[in-house]
Amino acid sequence: MRDTRDDEPRPPSAPPSGDGAPKFGRLLIVLVLAMLVVVALTFGSEAYFT
């Protein structure tokens, strides 16, 4: 049996917000923060265990 909902016109989808450009600034900030956490854990564990 065929679904008749496919014959109904679909409303146009909303345009995406923003210009579609990747957010390299945000990614860079997140990567730097992750690196700082790893460095802090490394120095903290080194100080704790020695």
Item checked: Sole residue being at pLDDT 75 or above and either more than 28 Å from the chain's Cα centre (by Cα) or of a type in the set (S, T, Y) (or both), chosen from G25, G44 -> G44
Checklist line | Pairs with Cβ under 7 Å, 6+ apart, first in segment 11-34 and open to solvent by less than 100 Å² (accessible area, probe 1.4 Å), second in a loop (DSSP other than H, G, I, E, B) and at pLDDT below 75 | finding: none
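Residue under question is R2, and the condition is that it be modelled with pLDDT under 65, open to solvent by 100 Å² or more (accessible area, probe 1.4 Å) and not β-branched (V, I, T); does it hold? It would help to see each step written out before you state the result.
On the way: modelled with pLDDT under 65: yes; open to solvent by 100 Å² or more (accessible area, probe 1.4 Å): yes; not β-branched (V, I, T): yes.
Here the answer is yes, as R2 does meet what is asked.
The values are calculated or read from the model by the stated rules, or taken from the named source; none is laboratory data. Computed from a prediction, not measured in an experiment: that's the story for all the values here. Note: ideal-geometry Cβ built from the backbone for every residue, glycine included; neighbour counts use all protein chains shown. Side chains included, ligands, DNA and RNA excluded: accessible areas come from the protein's heavy atoms. Shrake-Rupley method; radii C 1.70, N 1.55, O 1.52, S 1.80 Å.
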